[in-house]
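Here it is: the structure, laid out below.
The values are calculated or read from the model by the stated rules, or taken from the named source; none is laboratory data. Values in this document were obtained by computation on a predicted structure and should not be read as measured data. Note that we place each Cβ from the backbone using ideal geometry, even for glycine, and neighbour counts take in every protein chain shown.
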Amino acid sequence: MEAEDVWITAFTKILNKIDQYTGEGNFEGWMRKIVVNESLSYLRKHKNMYLETDIEAADYEPDYQNLEAHLEAEDLMKIIEALPAGYRIVFNLYAIDGYSHKEIAEQLNISENTSKSQLSRARVALQKSLQEAEQDLLYKQKGYEPNR
């Protein structure tokens, strides 16, 4: 529901500021910037996210080729959405939106090292989740129900 509220607010800003778009650059990029900035503004206002959370290191690397053949984009999005808020935010800004650690640090009012740390921890958490997904897939391929 919070994401929906942010989206509605961002879309309203887009409509109110459409006359400010000069036609230079990509319109989608212009809109994305407004949505990202509105999302970050919401996060700053609601300081209820925890950027530091410990997670155990994954010591096994999943078989990405097997997972790629069986996981849908929707499954991957659910795995990303399940990350702790701080991990997910930094991961999305860095890996999906293409921001640098310096830009992320400025947007979230954190240090660059915190941004790097959160990205590293997000990768470990994603690796662990993909390992679990792979294990579930192997169980299903053998005709068993996953333990979860």
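Say whether the condition of being modelled with pLDDT under 90, surrounded by 11 or more Cβ atoms within 10 Å (Cβ to Cβ) and among the aromatic types (Phe, Trp, Tyr) is met by at least one residue in region 46-56.
Checking region 46-56: not a single residue is modelled with pLDDT under 90, surrounded by 11 or more Cβ atoms within 10 Å (Cβ to Cβ) and among the aromatic types (Phe, Trp, Tyr).
Given the residues TYR42, TYR60, TYR21, which is the only one that is hydroxyl-bearing (Ser, Thr, Tyr), over 19 Å from the mean Cα position of the chain (by Cα) and modelled with pLDDT of 70 or more?
After applying the criteria, what remains is TYR21.
Among the residues of region 73-96, count how many are under 23 Å from GLU28 (Cβ atoms) and not in a helix (DSSP H, G or I).
Matching residues across region 73-96 total 0.
Another question about this same structure. Given the criteria surrounded by 18 or more Cβ atoms within 10 Å (Cβ to Cβ) and modelled with pLDDT under 80, does LEU137 qualify?
Yes: the conditions hold for LEU137.
Residue pairs, Cβ under 6 Å, 6 or more apart or interchain, first in region 72-98 and in contact (Cβ under 8 Å) with a residue 40 or more places away in the chain and not assigned by TED's automatic domain parsing to the domain that holds ASN37, second of a type outside the set (Gly, Ala, Ser) and part of a helix (DSSP H, G or I). List them.
Close Cβ pairs (under 6 Å, with a partner that is of a type outside the set (Gly, Ala, Ser) and part of a helix (DSSP H, G or I)) amount to LEU93/ILE104.
Which numbered condition in (1) under 16 Å from the mean Cα position of the chain (by Cα); (2) at pLDDT below 90 is the only one that GLN131 fails?
Only one criterion is unmet by GLN131, namely (1).
If you scan region 3-18, which residues turn out to be in contact (Cβ under 8 Å) with a residue 12 or more places away in the chain and either in the same structural domain as GLU81 (by TED's automatic domain parsing) or over 22 Å from the mean Cα position of the chain (by Cα) (or both)?
Within region 3-18, LYS13, ILE14, LYS17 qualify.
Taking TYR99 and the conditions (1) modelled with pLDDT under 75; (2) surrounded by 13 or more Cβ atoms within 10 Å (Cβ to Cβ); (3) in a loop (DSSP other than H, G, I, E, B), which numbered condition does it fall short on, given that it satisfies the others?
Exception for TYR99: condition (1).
Moving on. Go through region 14-32 and give me each residue that's surrounded by 10 or more Cβ atoms within 10 Å (Cβ to Cβ), under 24 Å from GLU81 (Cβ atoms) and of a type outside the set (Val, Ile, Thr).
Across region 14-32, the qualifying residues are MET31, ARG32.
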